Amino acid sequence: MSELQNKILKLSNEILDYLLEFKKNNPDFTFSLRKRDSAQSKGVKRLATGQWFQGSHYIYVPLFYRGDNARKIKTIGFVISFKKDGSLNNYIEISFKDGITTFEEKEFHRMLAKFLNLKLNSKNNGQKVFDNQNDIWNNLNYYITDFRNYALKLIEDFDIKDKYLISENEFQKDLKRILAIKKTLLPISIDSSQNIIPKTLNKMLNQILYGPPGTGKTYHTINKAIEICNPSFNLEHDRKVLKDEFDRLVKEEQIVFTTFHQSMSYEDFIEGIKPKTVNNTVHYEIEDGLFKQICHKARTKNGNFDAVIETFKKDISEIDGKQALTINAPNSSFDVIYRGTNVFYVQPHNSSKDNPWYPVNISNMQIAFETNNYDKLYNPTYIRGILHYLTSNYKLVKGESENNKNYVLIIDEINRGNVSQIFGELITLIEESKRLGNDEALEVTLPYSKDLFGVPPNLYIIGTMNTADRSVEALDTALRRRFSFEEMMPQTELLTPSALYCKLLWEYKDVRWENKEFMEKEKSFFEVFGCPDDFNIKKNDIWETMKESDDKTKLDYFKDFSFSLDLSKILKTINKRIELLLDRDHTIGHSYFINVNSLEDLENTFKNNIIPLLQEYFYNDYEKIALVLGEGFVEIKRPQDNQVKFAKLSVGLEQPELQTEFAVKKGFDIQKAINLLGSNE
């Protein structure tokens, strides 16, 4: 097998894995797979050897049905090929020819081309080449999110679903065939020196999880961050174990969590001048922001600088009642003390000033220690003196290799801050190709400290974005180009009675059926969802099957029972109505209902979460809230019900025309209200 064929097979495998991983969070996502080897292949068995997509010396990934293969009547696809020098050619192709005669299909292709700023030639063909053709994972993510979402909207508008959309059944049929072939193939081996694209499945360097409120965006950042920082950790553990591991990584400063808001600034995030009072005198210091801090940690070689600095801080902490330490350096002697933040304070013994204290920035100490370069660093004499002392007395040593740990910065509500202002000039440096160590790596001189600064390749940025606050389309263009986006919509399948009862069983997996706490929880569950006939007789056998499979993701073990209430249907009904009145960005997530296990829980969910959210969405337009929730939750006051009598006047005036009024009920029967909510479904 040639080197080119080897590369194509490996990349084909990686793309398939990537798309299937994306499908886990986007169940309606389908794409075209190779069905068979074409007549033009002249006996070459590409499918049997592992080429899962169309193409011979290239890879072609369509999202929709294609036309005739030979004549390319209609083509919309993501294309990757290898150039002679080993680099990549990566583009989206749009083409349609004489085989398409309907206005709707022609307009569909033209509008897609316009979306890409692509001009089709006289043969109605064009290729949108990506700016960075080697960054295929970000490019592919754009293709299956932004581009696909726009295409789906056009397909809906032009009513051409049957001509373009690949059904789930057809997709699964093709996938089953491919997975069967995949099992028979040995793992594709390739010499590591060939250095094909480094694949970061589900580990894009810069990614944003976006969706409506309550869809688990922040929840999923914990899993993603753990997977990046500790790849060997089993993510199938209980949630408490996952949270403990997350907290451990936060404590060790491999994960940093922050939330953007309107007051967040460059000075908070990168670096800024901050006031500090020392001996009743205000000093102004350059203080590192959290992004600069985590970048320094990610760049540090595998030495013991951080551990030594933490020990040294404790030994001379004025806050803890410790005294200043005297250091006798070769060219000077001074006292040093720690008063918090990222700075040591020194007082030279031979100073002519009265009781002076000068700051020594710890980040500058780290730079000097790693590079032996003291140029442009403030107070280099004291930096050199402290480092010499720590080397002699605290066994400070440099690492022999680069930092092999991954670091994660989680930015919650990233769209609530002014991203261009907060990142400043560093928005360019977070691109994968501009990270330190890459051929196109960039460094900039920071405005306050004058430090030369770059972003390391082992720092991952995960943002979350609430689309009810601001849509993706409204985001800064520079931000959208540099982040991959993963949509997270309501997962109503998690709210079926079967799914919720499975969740309950797994929570109490270590106790017997007779356990008092479990029995109380189960009783509350039945009060909400009902207890179907034969349920108690069959549940034990089903539970034994669940334990045997140990698959906590399978939620349909109890799907054949008829429960009296299904929260998944309730949420679907609410969201359908919201989509019609507003849009899909303002739908309601499943997490609001995921912990409902009693009628009281259900009532509180509506009172404290759903109704306030709808009041915010509709700006207290209670008529629209009534259209969504129904008369069980909203009181309707008709004009004829109004008992107000107007004052008698000596002149004749027409009585004002009264309007129907709507108001949220202060108290409601939750069971009756739920029945009325879904009465038209």
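Bear in mind these aren't lab numbers, they're just calculated from the coordinates by the rules spelled out. This is a predicted model, so every value here is computed, not measured. Heads up, the Cβs are rebuilt from the backbone with ideal geometry, glycines too, and the neighbour counts pull from every protein chain shown.
Here are some notes:
- Between the listed residues 619, 100, 222, the Cα displaced farthest toward the positive end of the dipole of the chain, a dipole computed from Cβ unit charges relative to the Cα centre, is found at 100.
- Each peptide in 51-59, 586-594 was scored by the mean count of other Cβ atoms within 10 Å over its residues; highest first, the order is 586-594, 51-59.
- A Cβ-based charge dipole, computed about the Cα centre of the range 567-677 with Lys and Arg at +1 and Asp and Glu at -1, lands at about 200 debye.
- For the chain, calculated [θ]222 nm from helices alone, where every DSSP H run of n ≥ 4 adds -39500 (n - 2.57): -11000 deg cm²/dmol
- Cα-based equivalent ellipsoid of the range 495-609: semi-axis lengths in Å, sorted from largest, via gyration tensor: 28, 16, 13
- This model, with +1 at the C-beta of Lys and Arg and -1 at the C-beta of Asp and Glu, gives the chain a dipole about its Cα centre of some 2020 debye.
- Approximate shape of the range 301-393 as ellipsoid semi-axes (Cα gyration tensor, √5λ), whole Å, largest first: 20, 17, 12
- Where (i) 26.2, 80; (ii) 33.4, 109; (iii) 31.1, 103 are the candidate values, the label of the one calculated here for Rg and Dmax of the Cα atoms in Å is (iii).
- Counted by Cβ distance under 14 Å from residue 175, the other residues give a net charge of +4, where Lys and Arg count +1 and Asp and Glu count -1.
- Prolate/oblate/rounded label for the range 567-677 (Cα gyration tensor, a/c 1.5): prolate
- Electrostatic bookkeeping for residue 659 treats Lys and Arg as +1 and Asp and Glu as -1; over the other residues with beta carbon under 15 Å from its beta carbon, the sum is -3.
- Positive-pole candidate from 659, 255, 8, dipole of the chain, charges at beta carbon: 8
- Relative contact order of the range 567-677, pairs being alpha-carbon contacts under 8 Å that are 6 or more residues apart, as %: 27
- DSSP beta bridges in the chain [antiparallel fraction, %, rounded to 5]: 70
- Centre separation in Å (Cα based) which lies between the range 237-286 and the range 500-519: 40
- The range 407-422 and the range 630-681: distance between their alpha carbon centers, rounded to Å: 45
- Nearest-0.05 FRET efficiency for residue 87 and residue 329, computed from C-beta distance (R0 41 Å): 0.20
- Potential extension, residue 669-residue 521 segment - 0.36 nm per residue separation minus Cα distance: 51.1 nm
- Residue exposure sequence - 599, 249, 653 - by fewest surrounding Cβ within 10 Å: 653, 599, 249
- Relative contact order, percent, the chain [alpha-carbon distance under 8 Å, six or more residues apart]: 12
- Dipole of the chain, positive end: most advanced residue of 629, 325, 90 [Cβ charges, Cα centre]: 90
- Between residue 450 and residue 395, full extension at 0.36 nm per residue minus the direct alpha carbon distance yields a gain of 16.8 nm.
- Computed over the range 492-549, the percent of Cα pairs more than 15 Å apart is 51.
- Mean Cβ count within 10 Å, highest first, over the residues of peptides 669-676, 641-648, 165-172: 669-676, 165-172, 641-648
- Additional length obtainable on full extension of the chain from residue 21 to residue 647, 0.36 nm per residue less Cα span: 218.4 nm
- Proximal lysine pairs, the range 277-364, alpha carbons under 22 Å, eight or more residues apart or interchain: 7
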